[in-house]
Amino acid sequence: MAEWYEQSFGEDYLLVYKHRDFQGAYQEVQKMISWLKLPQGSSVLDLCCGMGRHSLALADAGYKVTGVDLSGVLLREAHASDPEGRVSWHQGDMREVPLEESFDAVVNLFTSFGYFEEDAEQLRVLKEIYRLLKPGGRFIIDYLNPAYVVAHLVPHSSRADEGSQIEEHRVIEDGFVKKQIAIRSIASVSASHGGAAGQDTTVAGEEPARVYHERVKLYPYEKFRALLEEAGLSVEQVHGSYNEDEYIENASPRMIFVGVRA
């Protein structure tokens, strides 16, 4: 059976997360540049690059950028946004990146971490970041803040977009934050509401809901730092957001670790 991350980052992901724009990525990259403190021309690996928003912004800032992602669909979108081939795109698993070169910096953004059941698998990712960094190379890992997620979890949300109804259910369970996403055509939703309350009267032959799951392991600050140190990655700064504010456990929306290969 395929893992959730092998199923969820396909065509429907482009619909569910279409609100993530290039302008926001450019603003975030400006902050990252100030944290990395690397000269133009330095090599940067965007690990789990997705559609390539940050990779392209880093390339525009003068860096030599490589993007790696598992999803062929998201890499297709990245290629389409990069007709000049400014970024070197590669498909691969973050636990075993198919590259032998080393980089001045590795960035892993927007909680592209914690996808696996076991700590040992997450540690493999961090050890890959270590391997891919030159001695003294710098890293940024942008991860959610578990305390903030628990306090601000929205159990259910629903919206309509491009003729589809998108329902999202979220729960904290067994040390993970889990999300179920169900996508139905508006026509199917309307038809299913024709019967008695509580009944789904969807007519046979109608399009069923397309259901996806997401799961991220919740690592508190101290546990995450311990994993980084075990992998040989030394933390220099921790930001609570891209506004560069200090990380505060119960108030910051994110934990953005900035550091160096020890």
Between a residue in segment 143-172 that is assigned to a strand (DSSP E or B) and any residue that is crowded, with 17+ Cβ neighbours inside 10 Å and among the aromatic types (Phe, Trp, Tyr), which pairs come within a Cβ distance under 7 Å, given they are 6 or more apart or on different chains? TYR143/PHE113; TYR143/PHE224
Against the condition farther than 18 Å from LEU218 by Cβ and either surrounded by fewer than 16 Cβ atoms within 10 Å (Cβ to Cβ) or at pLDDT 95 or above (or both), how does VAL125 come out, does it pass? no
Within segment 72-130, count every residue that is of a type in the set (Val, Ile, Thr), farther than 15 Å from LEU45 by Cβ and assigned to a helix (DSSP H, G or I). 1
Segment 1-16, subset surrounded by fewer than 13 Cβ atoms within 10 Å (Cβ to Cβ) and within 17 Å of the chain's Cα centre (by Cα), residue nearest to LYS179 (Cα to Cα): GLU6
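Here's the yes/no breakdown for (1) more than 23 Å from VAL150 (Cβ to Cβ); (2) surrounded by 12 or more Cβ atoms within 10 Å (Cβ to Cβ); (3) modelled with pLDDT under 95; (4) not assigned by TED's automatic domain parsing to the domain that holds LYS127:
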position	(1), (2), (3), (4)
HIS169	no, yes, no, yes
GLN180	no, yes, no, yes
ILE186	yes, yes, yes, yes
PRO253	no, yes, no, no
Take segment 210-262 and flag every residue that is of a type in the set (Lys, Arg) and part of a strand (DSSP E or B). ARG210, ARG215, LYS217, ARG254, ARG261
Within segment 107-122, is even one residue out of contact with any strand residue (DSSP E or B) (no Cβ under 9 Å at 6 or more places or on another chain), closer than 26 Å to LEU38 by Cβ and surrounded by 14 or more Cβ atoms within 10 Å (Cβ to Cβ)? no
Hits in segment 35-59 - residues which are in contact with a Lys or Arg (Cβ under 8 Å, 6 or more places away or on another chain), part of a helix (DSSP H, G or I) and farther than 19 Å from GLU236 by Cβ: ARG53, LEU56, ALA59
Any residue in segment 20-34 that is part of a loop (DSSP other than H, G, I, E, B) sitting within a Cβ distance under 9 Å of a residue that is buried (at least 19 other Cβ atoms within 10 Å of the Cβ)? List the pairs, counting only those 6 or more apart or interchain. ARG20/GLY50; ARG20/MET51; ARG20/ARG53; ASP21/ARG53
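The values are calculated or read from the model by the stated rules, or taken from the named source; none is laboratory data. Just so it is clear, the model here is predicted, and its values are computed rather than measured. Ideal geometry is used to build each Cβ from the backbone, glycine not excepted, and the neighbour counts take in all protein chains shown.
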